[in-house]
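Novice: One structure is given below, represented as structure tokens, and several questions about it will come after.
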Amino acid sequence: MPTLVDAHSGAVTVDSLRICLALDDAATGEKLIPAALKDAIMAELAVVDDLPNYQNLAVRVVPKTAPDNAFAASKVARCDALLATHGNDPVLRAAYAAKRAKEKYAAEKLFDQPALTQARQAVIDALNGLESRLAAGTGPWLFGVCVTMADLFWGAELIRTEDVGQGHLWQENHLPNVAAYYARLCEIPALQSAILNFPSARLAPQKPAV
């Protein structure tokens, strides 16, 4: 779980979106969420944040011979081991028990074929919506000439989507505005340094999912 600890106040923030919002709020100078665009950007961030990345990624990282829920099941087993080791600490026990319950639910409910089909359809629907908004905009970014947090989130999401074998959803002229947008996003130095050129940040290429 991504975690940010404020060295001055001691405040702890978890979750990628909340961390990014906190950093932008604390930053001086130009913001990635300008006040005039806050509602529109937050709506865009919600679309990205709600995508079923866990299912699509978890299926991608397990061996093809393993069950689709193998990744979540392995995390349940890991939590069991941690509970056995640290179960006498009430704080750790509560944390690991909560994590175990979450992963157990995932292993049991999120990886049957109807659930995986629904997850893939959610990605298709989100990309179609992005295509429409890009077509209606003035570009080159979602909200004009300046990169916002919405663009960076979509950049990370599209890179991840390509890594799990779903880049074909916008490639080969399926979604031309998304394809052109993705090419522009890949030129942003922040995405290059944090993901595209960062060692081991990307998964090995995979054939398109069917």
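Novice: Of the numbered conditions (1) open to solvent by 60 Å² or more (accessible area, probe 1.4 Å); (2) in contact (Cβ under 8 Å) with a residue 60 or more places away in the chain; (3) under 30 Å from residue 27 (Cβ atoms), residue 120 fails exactly one; give the number of that condition.
Specialist: (3)
Novice: Continuing with the same structure: So for segment 132-148 (the condition being at pLDDT 95 or above and within 23 Å of residue 15 (Cα to Cα)), does at least one residue qualify?
Specialist: Yes; the residues of segment 132-148 include at least one that is at pLDDT 95 or above and within 23 Å of residue 15 (Cα to Cα).
Novice: Pull up segment 123-146, narrow it to residues that are hydrophobic (A, V, I, L, M, F, W, C) and open to solvent by 40 Å² or more (accessible area, probe 1.4 Å), then point me to the one that is nearest to residue 41 (Cα to Cα).
Specialist: Start the filter on segment 123-146 by keeping residues that are hydrophobic (A, V, I, L, M, F, W, C), which leaves 123-124, 126-127, 130, 134-136, 141-143, 145-146.
Filter once more, so that each one left must be open to solvent by 40 Å² or more (accessible area, probe 1.4 Å): 124, 135-136, 143, 145-146.
Numbers: 124: 20, 135: 17, 136: 16, 143: 8, 145: 14, 146: 12 Å.
The selected residue is 143.
Novice: So how many residues does segment 55-102 have that are under 21 Å from residue 166 (Cα atoms), touching a residue at least 12 places away in the same chain (Cβ under 8 Å) and loosely packed, with under 15 Cβ neighbours inside 10 Å?
Specialist: Result for segment 55-102: 2.
Novice: Something else now. Given the structure, is residue 47 open to solvent by less than 70 Å² (accessible area, probe 1.4 Å), within 21 Å of the chain's Cα centre (by Cα) and free of Cβ contacts under 8 Å to residues at least 24 places away in the same chain? Walk me through it before giving the result.
Specialist: Numbers: open to solvent by less than 70 Å² (accessible area, probe 1.4 Å): yes; within 21 Å of the chain's Cα centre (by Cα): yes; free of Cβ contacts under 8 Å to residues at least 24 places away in the same chain: no.
In short, no.
Novice: Hey, another quick one. In this structure, does residue 38 turn out to be open to solvent by 50 Å² or more (accessible area, probe 1.4 Å), basic (Lys, Arg) and under 21 Å from residue 123 (Cβ atoms)? Write out each step before concluding.
Specialist: Numbers: open to solvent by 50 Å² or more (accessible area, probe 1.4 Å): yes; basic (Lys, Arg): yes; under 21 Å from residue 123 (Cβ atoms): no.
No: the conditions fail for residue 38.
Novice: Which residue is most open to solvent (accessible area, probe 1.4 Å), if the candidates are limited to segment 147-177 and must be in a loop (DSSP other than H, G, I, E, B) and without any contact (Cβ under 8 Å) to a residue 24 or more places away in the chain? If you could, list the steps in order and put the result at the bottom.
Specialist: Let us first name the residues in segment 147-177 that are in a loop (DSSP other than H, G, I, E, B), namely 147-148, 164-166, 170-175.
Within this subset, residues satisfying the condition of being without any contact (Cβ under 8 Å) to a residue 24 or more places away in the chain are 171-174.
Numbers: 171: 70, 172: 156, 173: 122, 174: 109 Å².
Ranking the qualifying residues of segment 147-177, first place goes to 172.
Novice: Looking at segment 10-129, what helices (runs of 4 or more DSSP H) fall wholly within it and have at least 1 residues that are closer than 23 Å to residue 182 by Cα? Step through it out loud before you land on a result.
Specialist: On the way: elements: 16-26, 38-49, 53-61, 70-86, 90-109.
Passing ranges, in order: 16-26, 38-49, 53-61.
Novice: Any idea which of (1) closer than 24 Å to residue 19 by Cα; (2) more than 16 Å from the chain's Cα centre (by Cα); (3) small (Gly, Ala, Ser) is the one residue 180 doesn't satisfy?
Specialist: Looking at each condition in turn, residue 180 falls short on (1).
The values are calculated or read from the model by the stated rules, or taken from the named source; none is laboratory data. All values reported here derive from a predicted model rather than from experimental measurement. Quick reminder, even Gly has a Cβ in these numbers, built from the backbone with ideal geometry, and neighbours come from all protein chains shown. In case anyone asks, the SASA skips ligands and DNA or RNA and just uses the protein heavy atoms, side chains included. Shrake-Rupley method; radii C 1.70, N 1.55, O 1.52, S 1.80 Å.
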